[in-house]
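Written below as structure tokens is the structure these notes are about.
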Amino acid sequence: SSGINAEWPLRPGPMMIVKSDGGFTYDTSDLAAIKYRMVTNEADWGIYVVDSGQGLHFKLLFSAAKKIGLIKPEQKLSHVGFGVVLGEDRKKFKTRSGDTVKLKDLLDEGLQRADKKIREKEEIKKEKGGAGLLSEEEIISCRDAVTYGCIKFADLTCTRTNDYVFSFDKMLDDKGKTAVYLLYALTRIRSIARNAGKSREELLKHAQENPLNLEHEAELRLAKMLLRFAEVIEEITGTLQPHTLCNYLYEISTAFTYFYDNCYCIQKDRETGEIIKIHMDRLLLCEATARVMEKCFNLLGIKTVSRM
């Protein structure tokens, strides 16, 4: 048999490439894949998203790849390890019979739960007069966004190297740091400009023709939060920790709630309900908030909806 002496601080040792009977190993395939990606395709950065239990394998693999010249000094390889998904009993997530949970079954259950919860909320709206009811098409769109979004967000919101407990009840909660809460927050922000009768084009035109005037402490707090977006993205690029973006998304929502509670965007006559005044600078802040949140959702792979 033949191998490579792959060196790293904790346990130098050989990596078997060809067995004595002439057969190949997983290590052989992995090295061939590295050669294809880094030499043939000239990738700048190879990122392997595999559970943390494979950490030793990737340390040896990357060391071997560098030793035989598959990696140039300006190229790099990273192992993005992640923890185990646990059931609510804090044991490895399995079905009642002990089998591995299939993703399709998990998503189907999520769709059923989300559909039920959304339709229950629609019934409450009917009892209160029927204002803001969703169409059947909107219900299905909302159901899909909530289901897939809540599972993705729950998976990404934890420090990726930690184990986490899978719970649909917590994922579908519309309070706290969940995808449902944040998607609701985004739809509420988008509804403000709609209620004011202002389009994105009108807001953009106002921004191009007028300087932005922010004076209230809540306005400044929200604006400063939005300005951190580039900094957060740069940090994630270095650490490969997506939970940082989830935390930032929640912080934006919290800052916006504080802003909305303290600053009128639209002033209406208390008796007639007619709009008396529209604060365009605050509507622009709403638009900027929505755009940053939508970009965060997009980076997390979560689809947004216009109404919920």
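Being more than 30 Å from S63 (Cα to Cα) and touching a residue at least 12 places away in the same chain (Cβ under 8 Å) holds for only one residue in D89, D115, and it is D115.
Kindly evaluate L134 against the criterion of being outside any helix (DSSP H, G or I), more than 20 Å from N298 (Cα to Cα) and either small (G, A, S) or open to solvent by less than 60 Å² (accessible area, probe 1.4 Å) (or both). It is true that L134 is outside any helix (DSSP H, G or I), more than 20 Å from N298 (Cα to Cα) and either small (G, A, S) or open to solvent by less than 60 Å² (accessible area, probe 1.4 Å) (or both). Give me the residue from segment 225-260 that is free of Cβ contacts under 8 Å to residues at least 60 places away in the same chain and assigned to a loop (DSSP other than H, G, I, E, B) and, out of that set, nearest to the chain's Cα centre (by Cα). Checked segment 225-260; the qualifying residue nearest to the chain's Cα centre (by Cα) is R228. The set of residues from segment 156-171 being assigned to a helix (DSSP H, G or I) and at pLDDT below 90 comprises F168, D169, K170, M171. Of all residues in segment 172-187, exactly one satisfies the criterion of being without any contact (Cβ under 8 Å) to a residue 40 or more places away in the chain and outside any loop (DSSP other than H, G, I, E, B), namely V180. Considering segment 29-67, the residues that are among the hydroxyl-bearing types (S, T, Y) and exposed (fewer than 15 other Cβ atoms within 10 Å of the Cβ) include one that is modelled with the lowest pLDDT, namely S29. Looking only at residues of segment 68-84 that are touching a helix residue (DSSP H, G or I) at 6+ places or on another chain (Cβ under 8 Å) and outside any loop (DSSP other than H, G, I, E, B), we find that the one that is most open to solvent (accessible area, probe 1.4 Å) is H79.
Quick check: anything in segment 92-105 open to solvent by less than 100 Å² (accessible area, probe 1.4 Å), under 24 Å from V49 (Cβ atoms), touching a residue at least 60 places away in the same chain (Cβ under 8 Å) and part of a loop (DSSP other than H, G, I, E, B)? For segment 92-105, residues open to solvent by less than 100 Å² (accessible area, probe 1.4 Å), under 24 Å from V49 (Cβ atoms), touching a residue at least 60 places away in the same chain (Cβ under 8 Å) and part of a loop (DSSP other than H, G, I, E, B): present. For segment 106-131, give me the residue count where each residue is open to solvent by 80 Å² or more (accessible area, probe 1.4 Å) and either closer than 21 Å to Y164 by Cβ or assigned to a helix (DSSP H, G or I) (or both). Residues flagged as open to solvent by 80 Å² or more (accessible area, probe 1.4 Å) and either closer than 21 Å to Y164 by Cβ or assigned to a helix (DSSP H, G or I) (or both) within segment 106-131 amount to 9.
The C-beta contact set for segment 133-144 (first residue acidic (D, E), second residue open to solvent by 50 Å² or more (accessible area, probe 1.4 Å) and not in a helix (DSSP H, G or I), distance under 6 angstrom, 6+ apart or interchain) comprises E138/R307. If you go through segment 15-28 and keep only what is open to solvent by less than 70 Å² (accessible area, probe 1.4 Å) and either of a type outside the set (D, E, K, R) or assigned to a loop (DSSP other than H, G, I, E, B) (or both), you end up with M15, I17, V18, G22, G23, T25, T28.
Of all residues in segment 199-224, those that are assigned to a loop (DSSP other than H, G, I, E, B) and of a type in the set (D, E) total 1.
The values are calculated or read from the model by the stated rules, or taken from the named source; none is laboratory data. Worth saying up front: this structure is predicted, and the values here are computed from it rather than measured. Because the Cβ atoms are built from the backbone with ideal geometry, glycine has one as well, and the counts that use them run over all protein chains shown. Just the protein is used for accessible areas: all its heavy atoms, side chains included, with ligands, DNA and RNA removed. Shrake-Rupley method; radii C 1.70, N 1.55, O 1.52, S 1.80 Å.
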